[in-house]
1. Could you pull out every residue, at least 5 positions away or on a different chain, whose amide H is within less than 5 Å of the one on residue 113? Hs are placed 1.01 Å off N in the peptide plane, and Pro or chain starts have none.
2. Where does each of 138-148, 412-422 land if you order them by average Cβ count within 10 Å, highest first?
3. Just for the chain, what percent of DSSP beta bridges are antiparallel, to the closest 5?
4. Contact order normalised by length for the stretch 221-316, with contacts defined as Cα pairs under 8 Å and 6 or more residues apart; what percent is it?
5. Across the stretch 71-153, how many lysine pairs separated by 8 or more positions, or lying on different chains, have Cα atoms within less than 30 Å?
6. Using protein chains only and a probe of 1.4 angstrom, how many square angstrom of residue 26 are accessible, to the nearest 10?
7. Remind me, relative contact order of the chain in percent, using alpha carbon pairs under 8 angstrom and six or more residues apart?
8. Excluding same-chain residues fewer than 8 positions from residue 408, which aspartates and glutamates have a Cα within less than 12 Å of its Cα?
Amino acid sequence: MGAGLAGSECALQLAKRGHSVVLYEMRPLAMTPAHKTGMCAELVCSNSLGSLTEPSAPAQLKWEMTRLESKILEIAHLHRVPAGQSLSVDRDLFSKEITEEIKKHPLIRLEHKIIESLDSVPRPTVIATGPLTHENLASSIKDHFEGDFLYFYDAIAPVIDADSIDMEVCFKASRYDKGGADYINCPMSKEQYYNLVEEISKAEMVRPKDFETTPYFESCLPVEVMVERGPKTLSFGPCKPKGLRDPKTGKEAYAVVQLRQENKYATAFNMVGFQTKMTYPEQKRVFRMIPGLEKAEFLKLGSLHRNLFINSPKLLTTTLSSKKDPLLFFAGQMTGVEGYFESTSTGMLVAIFLDALLADKKIAPLPSETALGALLNALNEEKENFQPTNINWGLFPPLLGVSKQDKKARLAERACAAFENSCLNPSGKRD
């Protein structure tokens with residue numbers, strides 16, 4: 001249930017293993033506050049599936065998913081757009097091809113249908129309906145778990161028409177020249193930066209009724225929340241100028257707003273790190289203060305919406321099935337992972353677990369030294385305040401006696417070795 005990234009990967013992997021799959025998707029019969037189409041694997045917040053920089057935890061996760069022949073990753077590379085070391089895609093072409101792959105697969109039947117209750121579907125079932133699950137189905141899941149649901153707010157950044165960006169002011173470059181001149185950079189003086197910060201702090205916001213009681217996810221904070229933490233916060237975050245030298249001056253600006261290519265034809269760019277809860281008129285007013293964006297035409301404005309996720313350590317097993325119903329699996333963001341590719345990876349894991357269950361095979365525990373194992377452990381480890389997480393080296397078991405300079409490379413080497421010797425290795429043993 002749910003043809004997002006996790007559901008699409010899970011369906012394709014199960015079908016690859018010879019299982020017949022019915023994939024339910026409510027869109028376009030019922031839309032969410034963030035989606036615009038009825039296509040599978042539609043990207044809503046950003047067009048980036050994370051970093052490819054090595055050695056990094058996101059890159060390690062992609063290495064492991066490549067070894068497992070992730071279809072989502074394969075198609076992402078086919079429709080990659082320039083974005084430095086980020087795996088960013090033309091979101092329309094990406095979603096279109098995944099939809100076509102699903103529709104043409106002889107073992108997958110895609111049905112556009114609104115599922116409102118867990119009781120209306122047979123078992124086994126995988127719930128991958130995402131953080132914007134239909135209200136009635138969310139209520140049914142909540143009843144299943146006896147009310148133990150959690151919430152946080154997520155925000156989307158604006159997208160700008162490339163022709164409306166003043167390239168006499170802006171310049172193209174990637175930080176430290178890694179990946180080519182893939183980003184458009186809007187340089188700001190100290191005065192321009194603090195004027196922008198002041199106007200962001202004064203701007204009118206869209207505020208949900210229970211706004212104050214629901215937390216944000218730390219890696220996707222609205223720009224206004226960052227400003228509330230101090231006027232210099234943006235200059236050390238998305239507006240950090242380090243590694244970006246303006247070719248017109250030969251120097252780094254005081255601050256820089258980066259724009260990342262949104263589609264294959266480079267006709268649209270999104271504002272990196274500028275997720276926002278400002279009203280639409282205020283977004284236009286404030287963001288046009290940024291040098292080079294004075295005449296910006298916004299193809300899509302930012303927005304704020306509430307996401308939900310399960311208290312997975314308490315409610316799910318180590319194979320991401322419900323502790324109350326072993327044939328009811330969960331995948332994607334609602335399990336408590338944050339990030340497009342982390343979500344995709346849980347779809348892969350559930351396909352592996354469910355395939356083994358149907359074949360009556362046992363799978364050895366995933367090594368915590370691997371990225372997939374570390375991510376799964378983060379969903380299994382009970383903690384007082386469970387919050388969504390991206391993949392990061394902090395989830396991996398520590399390495400002792402290794403210098404800070406060598407740490408990441410050694411962690412990556414250990415992860416690759418652990419993967420090759422694990423049940424995850426397609427050519428290795430399962431038991």
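1. Under 5 Å from the amide H of residue 113 lie the amide H atoms of 25, 26, each far enough along the sequence or on another chain.
2. Values: 138-148: 14.5, 412-422: 18.5.
Descending mean neighbour count gives 412-422, 138-148.
3. Working: 34 of 44 bridges.
Percent antiparallel among DSSP bridges in the chain is about 75.
4. Values: 89 pairs, mean separation 19.6, N = 96.
That works out to 20 percent.
5. Lysine pairs, 8 or more places apart or on different chains, close enough: 9.
6. Surface open to solvent at residue 26 totals about 30 Å².
7. Details: 842 pairs, mean separation 93.4, N = 431.
Relative CO of the chain lands at 22 percent.
8. 54
The values are calculated or read from the model by the stated rules, or taken from the named source; none is laboratory data. Every value quoted in this text rests on a predicted model; they were computed, and no experiment measured them. Neighbour counts are summed over all protein chains in view; Cβ atoms, including those assigned to glycine, are modelled from backbone coordinates with ideal geometry. Surface areas here come from the heavy atoms of the whole protein model, side chains and all, with no ligands, DNA or RNA. Shrake-Rupley method; radii C 1.70, N 1.55, O 1.52, S 1.80 Å.
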